[in-house]
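I have placed the structure first, in the form of structure tokens, so that the comments after it can refer back to it.
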Amino acid sequence: MMTFSILLGCSCGYPPPIAVTSTQEVSFRIAVPGNWILEENAGETAGRGWILVPGGFTARNSPVVMYARAGGSSYHDARKYIAQDIAEFLKYGTRELPATYNPLAPRRMGDTLSAAVYDYCGGVQGTFERIAYIQGPGAVCCVVLSARSAESFHAYADALFEALDGFRFRRLP
């Protein structure tokens with residue numbers, strides 16, 4: 001599966017810059033939250049082109065990052081994709097370091113779209129993530145906010161909602 005990502009917009013804040021993720025199955029954009037910046041190639045080693053970090057940080061020292069991904073052609077149903085993500089995450093829980101997840105209220109995005117939003121916390125990897133799942137026309141789209149600590153998670157988690165406010169599907173070439 002080929003993925004490419006680009007940033008469009010200006011730094012003037014109006015209209016807000018957008019980040020685009022495209023695969024062979026789906027293309028979509030999100031808004032870059034206010035005071036966040038794009039690190040264009042920082043995610044390449046993890047299979048992502050770009051990541052977003054709060055202003056004043058870089059990909060190396062940021063307490064939190066945000067990125068988008070598409071589930072690919074084998075993931076057409078958001079409910080099944082979510083169930084698979086939950087099952088995979090729960091594998092990393094132990095008695096001493098439990099892995100927990102919490103579904104949040106669905107996030108409306110315009111008149112016709114909504115995102116299923118889940119918080120994931122704990123496990124042996126010390127995960128603190130908020131993931132929004134959006135049913136796409138050919139794949140499931142995800143926007144992920146990942147933090148290194150509970151404090152950072154709580155300080156920045158709502159930025160994911162700001163990114164979702166700019167979510168739009170894009171026409172594939």
**Prompt:** Which of the residues belonging to the range 78-104 are aromatic (Phe, Trp, Tyr) and touching a helix residue (DSSP H, G or I) at 6+ places or on another chain (Cβ under 9 Å)?
**Reply:** TYR101
**Asked** Can you tell me which of ALA132, ALA116, ALA139 is touching a Cys at 6+ places or on another chain (Cβ under 9 Å) and surrounded by 12 or more Cβ atoms within 10 Å (Cβ to Cβ)?
**Response** ALA132
**Prompt:** ARG107: in contact with a helix residue (DSSP H, G or I) (Cβ under 8 Å, 6 or more places away or on another chain), under 29 Å from ASN61 (Cα atoms) and not hydroxyl-bearing (Ser, Thr, Tyr), yes or no?
**Reply:** no
**Message:** Residue under question is ARG148, and the condition is that it be surrounded by 13 or more Cβ atoms within 10 Å (Cβ to Cβ) and in contact with a Pro (Cβ under 6 Å, 6 or more places away or on another chain); does it hold?
**Reply:** yes
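Read-outs throughout are calculated quantities, based only on the coordinates presented, and are distinct from any laboratory measurement. Owing to the predicted nature of the structure, the values given are computational and were not obtained by experimental measurement. We place every Cβ from the backbone using ideal geometry, glycine too, and count neighbours over all the protein chains shown.
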